[in-house]
Amino acid sequence: MSTLRLRIEGEGKPVSLDSFIGSMNRARYMLHDVDHVVSGRRTLALEWIVTGLAMNSPSPVAVLESHPVSSRVDERLAEQITGSFVSALATAEQGDVLPVNLSDTGLDHLRRLAKNLGKNGAARFEAVYVEEATQATLTSVSATHVERLMVPKSQAIGSIIGRLEI
């Protein structure tokens, strides 16, 4: 089991419901993407349970706990998934390289999460991996970093002749 604390920091005014729910949904999509990439499974390995909601005005906070979906799921997977999620946010904010353990879809969710910051009272998104005491803060600048890093370095047109075998 891992505990994740997600907070939307306000910019001096209350965060709108749309910003809060939108940010939490993007975080959920990212968690699912990291789950698929890290576990290598088609179905999710973890289920996230909301164990707390708080309003530290103007910054709403959600506390989530991971639980394996079955007894066949290794419990250490929760640590890897949670750590990878927080690490992806920190890497995106730095803007030097693309975050690992995210697919293109996960990167798009990360970009959209960051792009919605700075609107409707939301200024920053913070994720804290409670057991490891690691945290990452995401701002709207991260959207620019991810967009810049996702642009292909080169393109080519070509073809392949042959037969695809399983």
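The values are calculated or read from the model by the stated rules, or taken from the named source; none is laboratory data. Model, not experiment: these values are computed from the prediction. With ideal geometry, Cβ positions are generated from the backbone for all residues, glycine too; neighbour counts draw on all protein chains shown. Areas reflect the complete protein model, heavy atoms only, side chains present, ligands, DNA and RNA absent. Shrake-Rupley method; radii C 1.70, N 1.55, O 1.52, S 1.80 Å.
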Task: Whichever residue in region 117-138 is over 14 Å from Leu6 (Cβ atoms) and buried (at least 16 other Cβ atoms within 10 Å of the Cβ) and, among such residues, is modelled with the highest pLDDT - done: Ala123
Open item on the list: Given the options Glu79, Glu65, name the one that is in contact with a Ser or Thr (Cβ under 7 Å, 6 or more places away or on another chain), in a strand (DSSP E or B) and either of a type in the set (D, E, K, R) or modelled with pLDDT of 95 or more (or both).
Closed with: Glu65
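For region 127-147, give me the residue count where each residue is within 18 Å of Gly52 (Cβ to Cβ) and of a type in the set (Gly, Ala, Ser).
Quick first cut of region 127-147, residues within 18 Å of Gly52 (Cβ to Cβ) only: 127-131, 133, 135.
Of the ones still in play, those that are also of a type in the set (Gly, Ala, Ser) are 127, 133.
Total satisfying the criteria: 2.
Quick check on region 3-40: of everything there that is in a loop (DSSP other than H, G, I, E, B) and among the charged types (D, E, K, R), which residue is surrounded by the fewest Cβ atoms within 10 Å (Cβ to Cβ)?
Among those that are in a loop (DSSP other than H, G, I, E, B) and among the charged types (D, E, K, R), it is Lys13.
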Open item on the list: Quick check on my filter: what residues within region 83-98 are within 24 Å of Gly12 (Cα to Cα) and buried (at least 21 other Cβ atoms within 10 Å of the Cβ)?
Closed with: Leu89
TODO: Inspect region 62-78 for any residue being touching a helix residue (DSSP H, G or I) at 6+ places or on another chain (Cβ under 7 Å) and open to solvent by 70 Å² or more (accessible area, probe 1.4 Å) and give the result as yes or no.
DONE: no
Open item on the list: Checking Ala114 against (1) under 26 Å from Arg41 (Cα atoms); (2) part of a helix (DSSP H, G or I); (3) at pLDDT 85 or above: exactly one of these is not met. Which one?
Closed with: (1)
Task: Pair list, Cβ < 8 Å and 6+ apart or interchain, from region 96-113 residues that are among the acidic types (Asp, Glu) to residues that are modelled with pLDDT under 90 - done: Asp104/Met150
TODO: Report yes if Ser59 is within 18 Å of the chain's Cα centre (by Cα), farther than 21 Å from Thr105 by Cα and in contact (Cβ under 8 Å) with a residue 12 or more places away in the chain, otherwise no.
DONE: no
- [ ] Scan region 117-144 residue by residue and report those that are of a type outside the set (Ser, Thr, Tyr), in contact with a helix residue (DSSP H, G or I) (Cβ under 6 Å, 6 or more places away or on another chain) and assigned to a helix (DSSP H, G or I).
- [x] Ala143
- [ ] Would you be able to say whether some residue in region 149-157 is in a helix (DSSP H, G or I) and of a type in the set (A, V, I, L, M)?
- [x] yes
Open item on the list: Here's a check for you: in region 41-56, which residue that is of a type in the set (A, V, I, L, M) and either in contact with a helix residue (DSSP H, G or I) (Cβ under 8 Å, 6 or more places away or on another chain) or crowded, with 16+ Cβ neighbours inside 10 Å (or both) is farthest from Leu77 (Cα to Cα)?
Closed with: Leu44
TODO: Exactly one condition in (1) within 14 Å of the chain's Cα centre (by Cα); (2) buried (at least 19 other Cβ atoms within 10 Å of the Cβ); (3) within 14 Å of Ala27 (Cβ to Cβ) is not met by Asp108; state its number.
DONE: (2)
Task: Hey, Asn101 modelled with pLDDT of 85 or more, over 11 Å from the mean Cα position of the chain (by Cα), open to solvent by less than 90 Å² (accessible area, probe 1.4 Å) and among the polar types (S, T, N, Q) or not - done: no
